[in-house]
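For reference, the structure discussed in these notes is given below.
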Amino acid sequence: MSGFSHLDDAGHVRMVDVSHKPGTMRTAKASGHIAMKPETILMLQEGDMPKGNVLTTAKVAGIQAAKQTAHLIPLCHQLNLSWVDIDFSLHSDRVVIDATVSTKEATGVEMEALTAVSVAALTMYDMCKAVDKTMEIGAVRLVQKIGGKSHHQSTYRPLTSLLVTSDSIAAGAAEDRSGAILKDGLEAAGCRVSAFRVVPDEPSEIAALVDSWVSEGVELIITSGGTGLGPRDVTVETLLPRFSRRLAGVEQALLQWGQGKIRTAMLSRLAAGMIGSSLVICLPGSPGAARDALEVLVPTIFHAFSMIQGEGHQ
């Protein structure tokens, strides 16, 4: 799409920054109609319009318009479209126009679909106006939006605990920032964070605390820190042997998103898996990694808990 406009403090509009959002498959469907006389519908069907084939021309115009949306609407993002299609259905007094647009980008294609319908209708108006002065364009609306954060939404929110592993933070020599970012982000998403602890990089303390949370029924456990290459980075080594299942897809999504922002993310040894019925995700300890994790995980990760509970894919 895209993007919505805002008024800043000076009263100026600005484009929405979507650079922090992952690119995913997104599809939008829009619809509208152009009302016309029954005689005009008949001429369309028989191909008797003075300007030629109306529906074919309108389809091409709508597809072209979808690809030019960012040039027509100032605050829309310029997107690489994967697919555009337009269908027409003829009725006794109108032609219904349906447009479908898809992309693999960081924002949706609602405006592209709506623009495709609008321009297709305007093209039909132009090609039929010589024989019908009563035409009226209407009911242009978004019918469906698939993909992005609004898709695969789950209302369920898991009981969550957060663990920061850091010698310096545990000793009071440094301030925690990553754990606070994770806590604020998860609570804003509706999670109840039942525990938030900071421990030094000691395998016995990390293991004991995570094991206690698992036995208490904590559903989502996120650790921050101890995933690097330093001699005291022991979180992954401590917890990995406890995993009954490794969640490679979660790990790959986090790594891919991180590497798209900073090259050194390739050195991270983050991990994700199941310990008992608890989903455990071990993240790097930087604030950037915490923000990246929220961007990738929320709200998609919440769908995992319906699967864990045997409900399968929605």
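The values are calculated or read from the model by the stated rules, or taken from the named source; none is laboratory data. The structure presented is a predicted model; accordingly, all values stated were derived computationally and were not measured. Because the Cβ atoms are built from the backbone with ideal geometry, glycine has one as well, and the counts that use them run over all protein chains shown.
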Query raised in the report: For Ile275, are the conditions met, namely being surrounded by 21 or more Cβ atoms within 10 Å (Cβ to Cβ), assigned by TED's automatic domain parsing to the domain that holds Ala180 and among the β-branched types (Val, Ile, Thr)?
Result: no
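Residue-wise test of (1) modelled with pLDDT of 95 or more; (2) touching a Lys or Arg at 6+ places or on another chain (Cβ under 8 Å).
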| site | (1), (2) |
| --- | --- |
| Ala248 | no, no |
| Leu267 | no, no |
| Met274 | yes, yes |
| Ser278 | yes, no |
Query raised in the report: In region 180-201, how many are in contact (Cβ under 8 Å) with a residue 24 or more places away in the chain and either farther than 18 Å from Thr155 by Cα or assigned to a loop (DSSP other than H, G, I, E, B) (or both)?
Result: 13
Requested in this report: May I ask you to verify whether Leu163 is surrounded by 21 or more Cβ atoms within 10 Å (Cβ to Cβ) and aliphatic (A, V, I, L, M)?
Outcome: yes
Requested in this report: Give the residues of region 15-48 that are part of a strand (DSSP E or B), among the charged types (D, E, K, R) and modelled with pLDDT of 90 or more, sorted by residue number.
Outcome: Lys29
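Just a yes or no: is a residue in region 125-138 crowded, with 20+ Cβ neighbours inside 10 Å and among the small types (Gly, Ala, Ser)?
no
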